[in-house]
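Report on one structure; see the data block that follows.
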Amino acid sequence: MTPYLAAAPPPAVRVRAPGKVNLSLRVGALQDDGYHPLATIFQAVALYEEVTATQAPQGAGISLTVSGPQSDVVPLDETNLAWRAADLLARHTGVAADVALHVTKGVPVAGGMAGGSADAAAALVACDALWETGVPRSELALIAAELGSDVPFSLLGHTAVGTGRGQILTPAMTRGEFHWVFAAQAEGLSTPRVFAAYDGLVTDAPMPDPASDAALMSALRAGDPVALGRTLHNDLQEAALSLRPSLREVLGVANEAGALGAIVSGSGPTVAALARSRQHALAVAATWTARGVADSVWCATAPAQGARVLTAVAPA
Ligand code: C5P
């Protein structure tokens, strides 16, 4: 009788990376490179993208599948940020880019919460572990910045001040846990379009100064959600509202539900509301749902950890 030999599974690594909300987003005037100087405070929220990287046969190249909410609108080719991340890491380290990527969405798509950036951050960490390339985090952050302005923050997680295009990060001290609720829309907003609308509305934006957020930083250090709610700020909000006027009602309903603060998240269209507690977060979510102003509603605590390996199946 031939003995039964179970085929060993190919090596695989599963990584998760968080979405974010900008507690403050201050935007300067458009520069010659097509970008705007930012002073922002990112907070990672416990909504995660998961990327599983599985070793593919030699010469197979990169392949990609996606599952989870709104996965039908995510590109499956080399324009996907997870794909681009694997490709860029392979070029950087000189390894063959043979990997099957699977993305499980957990952050609203094109919602201003950096879901695509989280895919890129998770793919970088997953492929680095799978290919045993041992790239230090500081170097991964530089590769991340080539992929998009929000990718380095998804690697880092927690709460951080971002300057430059948003990719120069300084960790910020916080105390305790904050309770967020997000109202997401089925139809996303394009980040470049929102920045272009901002340029149309604001012609003399000064260089943004992170020092403008001293009160917000002290609310974070004190773990004071009431003070944090009062200091939330987003320079892109009016631009997002000009493209999607219905978001005014989403903000209004959050305020009626007693949110400590409500803002458009990043370039939108997701609206973020800060709640007093887990129970209050559920109440805000229920109010948004009952009023029919969001296509989906998500509750999450913050801050959350940056991109990290969940499981790794080692080579046989
Ligand atoms: O860096 P990322 O690819 O995520 O940026 C997407 C687009 O958002 C850019 O092409 C640019 O139009 C806009 N953007 C900007 N200023 C920033 C970040 C992004 O104008 N600091």
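The values are calculated or read from the model by the stated rules, or taken from the named source; none is laboratory data. All of these numbers come straight from a predicted model, not from anything done at the bench. Heads up, the Cβs are rebuilt from the backbone with ideal geometry, glycines too, and the neighbour counts pull from every protein chain shown.
Quick grid of which residues meet (1) among the hydrophobic types (A, V, I, L, M, F, W, C); (2) crowded, with 18+ Cβ neighbours inside 10 Å:
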| site | (1), (2) |
| --- | --- |
| V51 | yes, yes |
| T65 | no, no |
| V74 | yes, yes |
| V95 | yes, no |
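Here the condition is being closer than 15 Å to V21 by Cα, more than 18 Å from the chain's Cα centre (by Cα) and in a helix (DSSP H, G or I); of L282, L241, L220, it holds for L220 alone. Of the numbered criteria (1) farther than 19 Å from Q31 by Cβ; (2) within 11 Å of the ligand (Cβ to nearest atom); (3) surrounded by fewer than 18 Cβ atoms within 10 Å (Cβ to Cβ), the one A144 fails is (3).
Here M173 passes the criteria (1) surrounded by 14 or more Cβ atoms within 10 Å (Cβ to Cβ); (2) of a type in the set (A, V, I, L, M, F, W, C); (3) more than 16 Å from the ligand (Cβ to nearest atom) except the one numbered (1).
Restricting A7, A86 to residues that are in contact (Cβ under 8 Å) with a residue 40 or more places away in the chain and away from the ligand (no atom under 14 Å from the Cβ) narrows the list to A86.
The residues of the stretch 97-128 that are surrounded by 20 or more Cβ atoms within 10 Å (Cβ to Cβ), over 20 Å from S265 (Cβ atoms) and of a type in the set (G, A, S), listed by number, are A123, A126. When D77, D33, D87 are screened for being within 23 Å of T170 (Cβ to Cβ) and among the acidic types (D, E), only D33 passes.
Here's the yes/no breakdown for (1) assigned by TED's automatic domain parsing to the domain that holds S218; (2) more than 16 Å from the ligand (Cβ to nearest atom); (3) under 15 Å from the mean Cα position of the chain (by Cα):
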{"position": "G116", "(1), (2), (3)": "no, no, yes"}
{"position": "D119", "(1), (2), (3)": "no, no, yes"}
{"position": "S138", "(1), (2), (3)": "no, yes, no"}
{"position": "S149", "(1), (2), (3)": "no, no, yes"}
{"position": "S154", "(1), (2), (3)": "no, no, yes"}
{"position": "G166", "(1), (2), (3)": "no, no, yes"}
{"position": "A184", "(1), (2), (3)": "yes, yes, yes"}
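Test of understanding: among V271, V202, which residue is within 16 Å of the ligand (Cβ to nearest atom) and surrounded by 13 or more Cβ atoms within 10 Å (Cβ to Cβ)? Answer to the selection: V202.
What do you reckon, is V253 touching a Ser or Thr at 6+ places or on another chain (Cβ under 8 Å), of a type in the set (V, I, T), under 25 Å from G176 (Cβ atoms) and not assigned by TED's automatic domain parsing to the domain that holds A141? Here the answer is no, as V253 does not meet what is asked. When L247, L260, L236, L232 are screened for being within 16 Å of the ligand (Cβ to nearest atom), modelled with pLDDT of 95 or more, surrounded by 14 or more Cβ atoms within 10 Å (Cβ to Cβ) and closer than 30 Å to P37 by Cβ, only L236 passes.
Taking the options S24, S71, S63, name whichever one is among the hydroxyl-bearing types (S, T, Y) and within 16 Å of the ligand (Cβ to nearest atom). On inspection, the qualifying residue turns out to be S24.
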